[in-house]
Amino acid sequence: MLYAGFMSAALPPFPESQEPLDAPQLLEVGSAPDEPCLRADAARNRARLLEAAARLIAEHGAAGVTMEAVAAAAGVGKGTVFRRFGDRTGLLSALLDHSAKKLQADFLGGPPPLGPGAPPAERLRAFGVAVLYRSAEQLDLQLAAQPEPTRRFAHPSYRALHTHVTVLLRQILPDADCDLLARTLMAYLDPALINHLTRQCGMPLERLEKGWTDLVARVTRTEA
C-alpha cells in the first residue's frame, strides 16, 4: 500500500515532561507489519508488474491503467495482478511506494534543511516544498491512488507525514495544539488542492511554494 514503510499504529501524544521524540524513532522504513517477505519469484513478478504499470502511466496517464492492461503488458494472467495488489487502487498505491520511502528517508536522515541538523522551522519549510514538488510530478497518480474520503485521514501515509509535522511543531511551539495545527498545515499540501490550484486556477507552483513559506512563518511566529 501507499507509504507501506510507515508505522500504521496511532501514536500517542507526547507527555508534557518529555522532549518530543525525534522522527526516526516515530517512523520506520521497511515492509508493513502485516506484509510477509516475498519469495524471490513473487518479488520478481511484483517488480515486473510495477514496471509495466509505470510504462502504461507514462504512455497513457493514470486513467489508462487497468488491471487487465497491466497483466497484458507484464505477460501474466489478470488473476496474478489481483492477488498481488487487491484492486486498482492497491496497484496505483504500490507505484507511489518507492518515492514515498525516498521522501521519508530524506526527512528522517537526509541532509538539512529537509533532514536533521537544521532548525525545526527550516525543516518544516523544506518538508512542505518537497511534498509540493513531489505531488506536482505525480499528480495524476496521487489523485488516482488517494484513499476515499472516509479513510483518507486514517491512512498510514497521511498519519506518517502528520506525525513528522507534529514533531517539528512541538519543537517550535511546545504550548500549542500541535496535533490540530499539523492537520491544518497538511491541508495545504493535499493533492486535490494542488490539482485545483495549479490546473484549474492556473497558479504556478512557485506561488504555492511562496504561500507555504509564508504560512509556516506566520504559524510558527513566536512572541519575542
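The values are calculated or read from the model by the stated rules, or taken from the named source; none is laboratory data. Note that the coordinates shown come from a computational prediction; the quantities given were computed from them, not determined experimentally. Methodologically, a virtual Cβ is constructed for each residue, glycine included, from the backbone with ideal geometry; neighbour enumeration extends over all protein chains shown. Side chains are part of the model used for accessible areas, which takes the heavy atoms of the whole protein and leaves out ligands, DNA and RNA. Shrake-Rupley method; radii C 1.70, N 1.55, O 1.52, S 1.80 Å.
Details
- Length gained when the stretch Tyr133-Phe82 is fully extended (0.36 nm per residue, less Cα-Cα span): 15.3 nm
- Note on Asp41 and His196: the model spin-label points, each 7 Å out from Cα along the C-beta direction, lie 4.9 nm apart.
- One compactness figure for region 157-224 is 1.22, namely its Cα radius of gyration divided by 2.2 N^0.38 Å.
- Residue-normalised accessible area of region 94-224, expressed per residue, 1.4 Å probe, Å²: 48
- Applying both filters, DSSP loop and at most 12 other Cβ atoms within 10 Å, to the GluC sites (Glu not before Pro) of region 149-224 gives Glu223.
- Across the accessible surface of region 129-175, with the other protein chains kept in place and a 1.4 Å probe, carbon and sulfur atoms take up 55 percent.
- Euclidean distance of C-alpha centroids, region 38-89 and region 175-215, integer Å: 32
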